[in-house]
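Scroll down for the structure; my scribbles are underneath it.
Just so it is clear, none of the values below were taken in a lab; they were calculated from the coordinates. Computed from a predicted model, the values in this text were never measured in an experiment.
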């Protein structure tokens with residue numbers, strides 16, 4: 001039930017966002033809000049959101065790379081694999 005409510009909230013907010021953008025960029029772009037034209041405000045907010053999203057993903061990728069352990073050398077993995085296959089073959 002909670003997921004349906006969350007889905008409905010996302011759906012309604014997407015419709016509201018689309019209506020605000022259509023109104024602010026097409027119907028009445030010269031409306032003044034906080035001493036800025038509505039169309040300029042929407043473009044600035046969109047640019048800010050895109051830049052924050054890119055920054056978040058770059059930061060998350062950097063954090064993930066920085067905190068992940070270094071992989072073992074391939075020679076060590078190959079040696080371990082050979083030992084295990086020798087044990088399996090000798091047990092047959």
Helix 38-67: angle to the longest alpha-carbon principal axis of the chain, degrees 0 to 90, nearest 10?
10
(1) 1.13; (2) 1.44; (3) 1.11, with the label sought being that of the calculated Rg/Rh (Cα atoms, Kirkwood Rh):
(2)
Please build a GNM for the chain, connecting alpha carbons under 10 Å apart, and tell me which residue among 32, 65, 77 fluctuates the most.
77
Which of these, 67, 53, 31, has the largest mean-square fluctuation under a Gaussian network model of the chain (Cα springs below 10 Å)?
67
Gained length - residue 40 relative to residue 60, 0.36 nm times residue gap less alpha-carbon distance
4.2 nm
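Before anything else, pin down the relative contact order of segment 1-83: Cα pairs under 8 Å, at least 6 apart, normalised by residue count, whole percent. List each step's numbers first, then the result.
On the way: 20 pairs, mean separation 10.7, N = 83.
The value is 13 percent.
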Given the options 51, 82, 61, state which has the largest fluctuation in a GNM of the chain using a 10 Å cut-off (strictly under) for Cα springs.
82
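Under the 0.36 nm per residue contour assumption, what length would be gained going from the current alpha-carbon distance of residue 50 and residue 72 to full extension? Could you put the intermediate results ahead of the total?
Values: separation 22, 0.36 × 22 = 7.92 nm, distance 3.73 nm.
Roughly 4.2 nm would be gained on extension.
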